[in-house]
Amino acid sequence: MSIPAEKLTQYDEYVEALDLLDEESRFEYIIDIGKRADKTPFPSDCMDDVHLMHGCMSKVWIVHEVVDGVHEFRGQSDAIIVKGLVSMMTGSFSGLTSDELAAVTLDQVRGLNLGALTMQRQVGMMAMLKHMQKLSQRAENGADRSAAAE
Amino acid sequence: MTDLAQDLARAAKHHNLEAGFDVERIRQDFPILSREVHGKPLVYFDSGASAQKPRAVIDAMVEVMENEYTNVHRGAHYLSQTLTDRYEGVRETIARFINAGSENEIVITRNTTEAINLVAATYGRKFLSKGDGVVISDMEHHANIVPWQMLRDEIGIELKIAPIDDRGVLDLDAYGDLLDQNTKLVAMTHCSNVLGTVVPAAEIVRMAHDRGIPVLLDGSQAVVHSKVDVQALDADFYVFTGHKLYGPTAIGVLYGKAELLAQMPPYQGGGDMIATVTYDKTTYAEPPYRFEAGTPPIIEAIGLGAAIDYVSAIGMDAIQTHESALLAYGMERLGEMPDIKLFGTAPEKAAIFSFIQEGIHPFDTAATLDRAGVATRVGQHCAEPLMARLGVDGTVRASLAMYNTTAEIDVMIAALERARALFG
Ligand SMILES: Cc1ncc(COP(=O)(O)O)c(C=O)c1O
């Protein structure tokens, strides 16, 4: 399954920007994205245990909805850098179908960091992707069930 | 000069014993300290998690694998005999290092965690029963909480928590109150891995012994920063881990008084821990072997022996003096920063700084330090209950060691200023 290029424009934009920067500037770029994320406030009532992603060193919340058959995500974190990373993740990989989302690769996720942070494991971008994939699958299965019930 | 005088002069110069403690010389003994991270010189402030290794340790381990390696305690051949002697020699080195009464009081374990689990599983199961109390402090590492909780869930002991004040100082009066008739064991950290607090260990032991209660001290952090004398402390059990003491991973130490070890049942079963085995009956070896089932960490033991020789040659007192200067300087510099909230301001403490920058998530602070080459730890430091006591989700922890310098503290301070500019 490959993802249509036009669905990854936001992702490509991030990767291109990061590519042009040296490591130090990438670090600041991610922080900038984290700060800018606050301009569209994350619903504070969603910063709860239901939307909390487990296993991160900082708290990460992800909300999800299905719009016209594709998955839309928004993310939040109490650490600004992680907010930047989760914003890049949700910005990059929203608007995909479940199958497309399942096709996102580890290398693609790595492209959104490019060595700016050595704490990849703690930051858990792969865990974010897995979480988003899980949410999409769960919605899919839920939809199947309600379709079957109709 | 005679050859001997020359050698001594060189040795003295090497560790700069005459001129006192020469940190630059010591740094040269640690190969990793010359590397860079993100294009900046590595500033390693995570020794509380695990310390770096001097060349002497690395060489000793390589040398044993290249020239002397075999199993110990088993072979009827030259290598086995010489390596067994060396391995057992390390037990004596460890005994001397903490001034144990005999090398037979030194049990080799995998780490502190295993040493505490060993005591809980053997001493605990044999001598504790339902309703008995075990006193720990409010600043324990999970390694000194969870084994006792498991025992609680298994046999119904009660865990009692000795409180600390806001500086991280143990409340001795409250501790004394917990030493009631039900209390059958005290298990306490000698030095907090988060706050750096050094507890008055001799006093803690004396108070417990007045009521006939034995004491286990978790010396994981304490042995690294100062001279420990288990007989002077009169500790019944003393545990520590090799990798924080500039030695390798996967080796730790349980010191236990001979009369206690003698009464304890084995921990794990297998080779090396037996006297005789038939299908009907097995008799167990005497301590310490009774507690060392299976092939021991041979190479690691050689490494730990080299680490102890290394710190002993420098002198624990000299190390403590140097680290005290780092502590004073760090407390002063951090104290000057209005946005830094420090946790752990006990008068008796090791060079461990736990802090947050007001309004900045510790992760953001630590990531900025990392960019500057400064390695710290962020989070709960395996001490969740302590974090709850302090009322924080986590802190940044800079834990220093003998090879750190005041100039490195300056690098950290500059990076903290950058974090303020980036996130403030
Ligand atoms: C005070 C204290 N106790 C116990 C431990 C556990 O040591 P280890 O993981 O080597 O068993 C540590 C190290 O993290 C520690 O600092």
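Bear in mind that the values in this text are calculations on the coordinates, not laboratory data. Quantities reported herein were computed from a predicted structural model and do not represent experimental measurements. Cβ placement follows ideal geometry from the backbone for every residue including glycine, while neighbour counts extend to all protein chains displayed.
For B:269-276, what's the mean count of beta carbons from other chains sitting within 10 Å of each residue's beta carbon?
Mean partner shielding for this stretch: 0.
Cut-off under 13 Å on the C-alpha distance; same-chain residues fewer than 8 positions from residue B:126 excluded. Which aspartates and glutamates are left, in chain and number order?
B:154
Sorted from largest down, give the three principal axis spans of the alpha carbons of the protein assembly as shown, whole angstrom values.
77, 68, 56
Relative to the longest principal axis of the C-alpha atoms of chain A, give the angle of the C-alpha long axis of helix A:80-93, reported between 0 and 90° and rounded to the nearest 10°.
Compared with the principal axis, the helix lies near 50 degrees.
Find the eigenvalues of the gyration tensor of the Cα atoms of region A:5-140, then list the square roots of 5 times those eigenvalues as equivalent ellipsoid semi-axes, largest first, in whole angstrom.
After diagonalising the Cα gyration tensor, the semi-axes are 21, 18, 14 Å.
Counting other C-beta atoms within 10 Å, which of B:148, A:61 has the fewest, and how do the rest follow?
Ordered from fewest to most neighbouring Cβ atoms within 10 Å, B:148, A:61 come out as A:61, B:148.
Quick check on the protein assembly as shown: of the DSSP beta bridges with both residues there, what percent are antiparallel, nearest 5%?
If we restrict to bridges inside the protein assembly as shown, about 70 percent are antiparallel.
In the structure displayed, which of B:53/B:341; B:40/B:244; B:130/B:257; B:53/B:349; B:184/B:227; A:59/A:83 lie more than 20 Å apart, Cα to Cα?
B:53/B:341; B:40/B:244; B:130/B:257; B:53/B:349; B:184/B:227
Where in region B:36-69 is the amide nitrogen less than 16 Å from a point lying 7 Å along the Cα-to-Cβ axis of residue B:28?
B:54-56
Place a +1 charge on the Cβ of each Lys and Arg in chain B and a -1 charge on the Cβ of each Asp and Glu, then give the dipole magnitude about the Cα centre in debye, rounded to the nearest 20.
For this selection, approximately 520 debye.
Within a 10 angstrom radius of the beta carbon, how do B:191, B:382, A:46 rank from fewest other beta carbons to most?
Neighbour counts put them in this order, fewest first: A:46, B:382, B:191.
In peptide B:35-45, what is the residue-averaged number of other protein chain Cβ atoms found within 10 Å of each Cβ?
Mean number of neighbouring Cβ atoms from other chains: 1.
Taking beta carbons within 10 Å but only from partner chains, what does the mean come to for residues B:355-366?
4
If packing is taken as the average number of other Cβ atoms within 10 Å across a peptide's residues, how do B:227-234, B:113-120 rank, most packed first?
Output ranking for B:227-234, B:113-120: B:113-120, B:227-234.
Give the long-range amide H neighbours of residue B:164: residues separated by 5 or more places, or on another chain, with amide H under 5 Å away, using H modelled in the peptide plane at 1.01 Å from N.
B:138, B:171
Report, ordered by chain and residue number, the aspartates and glutamates lying within cross-link reach of residue A:7, taken as a straight Cα distance under 12 Å and ignoring same-chain residues fewer than 8 apart.
Cross-link targets: A:100.
Length gain on complete extension for the stretch residue B:67 to residue B:150, per 0.36 nm per residue less the alpha carbon to alpha carbon distance?
Full extension from residue B:67 to residue B:150 adds 25.6 nm.
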